[in-house]
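Please treat every number below as a calculation from the coordinates, not as lab data. The structure presented is a predicted model; accordingly, all values stated were derived computationally and were not measured. Virtual Cβ from ideal backbone geometry, glycine too; neighbours counted across all protein chains shown.
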């Protein structure tokens with residue numbers, strides 16, 4: 001083992017020039033034009049997901065600003081030589097005029113004042129520009145941002161700022177308005193597979209295309225994640241120089257076979273609860289995580305739905321030809337209402353499995369629910385059935401349960417309604433609240449307030 005130790009692939013193959021950057025053509029074109037016209041902005045802010053090259057781009061820009069070429073006479077360029085003292089020192093992170101600051105651990109106004117504000121007035125020691133690279137800039141406090149505003153708006157001519165962040169919404173608008181913003185995109189699957197293949201060949205490792213496709217899918221567009229997974233996959237490759245297979249990568253990531261996921265998807269849509277539970281148990285026995293299996297089902301559901309709307313979506317380089325054919329067949333056979341319902345139920349099931357004390361039990365219950373609703377009739381059939389039942393009930397022969405009257409018989413007269421009893425109106429001139437005189441044959445009923453005054457006096 002060498003004294004320097006092993007260097008991971010993510011650091012070993014880190015881009016050193018703009019030509020090495022993968023999938024960021026729009027940003028590279030803009031920066032090349034700006035450098036060629038000598039219109040380098042005073043501040044840049046780079047945003048994007050993890051592992052797309054924000055800090056790497058900041059270092060390349062810093063090298064391009066300060067590169068002097070192999071002969072020491074060059075000017076700012078987008079193709080730094082990599083051999084001059086400035087390029088070498090910046091690549092090693094040891095240049096005294098290129099200051100990298102981690103805003104996640106230096107969040108306060110005192111940190112900004114000590115590392116930035118108090119030193120911007122001094123000229124660079126050896127380089128052309130003094131460059132401040134602030135990583136995770138969104139972690140700065142509000143007071144730190146406010147203290148930086150004046151310097152950021154009117155910095156000295158020899159000072160440049162480069163900010164990097166994954167949460168652009170947390171950066172104040174007053175800071176964004178003072179910077180040129182570049183959004184780094186996720187790397188496309190085709191570009192990622194080509195990058196991983198070049199690295200694997202440079203390392204002398206053999207890996208199948210199916211394994212590269214799995215690594216690309218798991219990286220979600222992040223070059224750093226992809227190279228780290230490739231490093232791990234090559235390290236666990238079989239002995240004897242054999243190629244790393246898709247099964248090896250699948251076991252490394254804890255994924256289920258995509259073909260078996262499609263089988264499970266088909267069993268669920270056919271309403272075969274017993275078959276779906278048996279397939280889930282088999283994948284669980286092979287080491288698959290129940291939560292990952294449901295995520296794969298949701299991914300397949302989304303892929304089939306998109307393929308149904310746009311058939312070109314099936315031409316995914318991370319999907320094998322057999323899986324593409326099965327996906328197209330499912331998209332043609334399944335109605336969109338079934339796919340939408342399954343998507344909503346899978347989203348709910350993912351939350352339940354993540355929170356359940358036993359993930360396998362929760363996944364089994366989710367599959368039982370999905371298979372139970374698979375054979376429900378469509379809403380239009382239910383409406384048609386209800387309409388037909390209503391038409392039968394309204395037909396003339398539907399209410400013939402009562403016997404019809406004999407022919408020639410006289411119609412039966414309906415019984416007269418009993419008129420409601422009216423309340424007798426009080427006699428004219430009678431005092432209010434006085435009792436009505438009882439009718440003949442009825443005993444008088446005394447009410448409170450109708451007692452004669454003589455009785456009230458006796459009592």
Rounded Å value of the spacing that divides the Cα centres of the range 337-381 and the range 167-200: 36 Å
Taking 126, 219 and counting other C-beta atoms within 10 Å, the order from fewest to most: 126, 219
Sequence of 157, 59 once ranked by neighbouring C-beta atoms within 10 Å, starting from the fewest: 157, 59
FRET efficiency for residue 181 and residue 236, using Cβ-Cβ distance with R0 set to 56 Å, rounded to 0.05: 0.90
Inter-probe distance in nm under a simple model that places probes 7 Å from Cα toward Cβ, at residue 143 and residue 110: 1.0 nm
All-pairs Cα distance distribution in the range 148-288, expressed in whole percent, bin size 10 Å: 10, 27, 20, 19, 14, 8, 2, 0
Difference of contour (0.36 nm per residue) and Cα-Cα distance, residue 19 to residue 302: 98.4 nm
For the range 64-217: rounded, prolate or oblate by the Cα gyration tensor [a/c cutoff 1.5]: oblate
